[in-house]
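Here's the structure we're looking at; comments come further down.
The values are calculated or read from the model by the stated rules, or taken from the named source; none is laboratory data. Only a predicted model underlies this, so the values are computations on that prediction, with no experimental measurement involved. Please note: Cβ atoms are built from the backbone with ideal geometry, for glycine as well, and neighbour counts cover all protein chains shown.
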Amino acid sequence: MIVSILAVWKSGAAFVPVDPSYPDERIQFILQDTKAKIVISNKKYMTRFDRYDIMTIALDCSLLNQFMNNNQMAFNSDPNTTKNNLAYVIYTSGTTGQPKG
């Protein structure tokens, strides 16, 4: 997972940790509020995200491992990030019961 976080940062994007044990409503709120494009997780948690219209990537998927072993990955060595770029968003329970990020 650490490598995934570094890859997200390298791409110039931010990451949002989502605990798969969260209630469905909380997961949906976080995904919608952040306008997340991709969920990166382990294969055993993928079904938690089936109900949402979002791309999912399983880190322990054999197809992903095969792709990474057979293809040279291109990357941007200078993503032009500054101290003003968002790195991550953490959601708290909030005093109103609505998650705050």
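General observations
- Failed criterion for Gly12 (all others in (1) of a type outside the set (D, E, K, R); (2) on the phi > 0 side of the Ramachandran plot; (3) loosely packed, with under 12 Cβ neighbours inside 10 Å hold): (3)
- Cβ-Cβ contacts under 8 Å between residues 6 or more apart (or on different chains), taken from a first residue in the stretch 14-26 that is farther than 30 Å from Asn80 by Cα and modelled with pLDDT of 90 or more to a second residue that is surrounded by 11 or more Cβ atoms within 10 Å (Cβ to Cβ) and hydroxyl-bearing (Ser, Thr, Tyr), are listed as Arg26/Tyr91.
Residues checked against (1) at pLDDT 85 or above; (2) touching a Pro at 6+ places or on another chain (Cβ under 6 Å); (3) of a type outside the set (S, T, N, Q):
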position	(1), (2), (3)
Met1	no, no, yes
Gln32	yes, no, no
Asp50	yes, no, yes
Phe75	no, no, yes
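- Selection count where residues are farther than 19 Å from Thr82 by Cβ and part of a loop (DSSP other than H, G, I, E, B), scope the stretch 1-13: 1
- Among the residues of the stretch 56-64, not a single one is more than 16 Å from the chain's Cα centre (by Cα), surrounded by 13 or more Cβ atoms within 10 Å (Cβ to Cβ) and either at pLDDT 75 or above or more than 20 Å from Met1 (Cβ to Cβ) (or both).
- Selection status of Asn85, touching a Pro at 6+ places or on another chain (Cβ under 9 Å), modelled with pLDDT under 85 and of a type outside the set (Lys, Arg): yes
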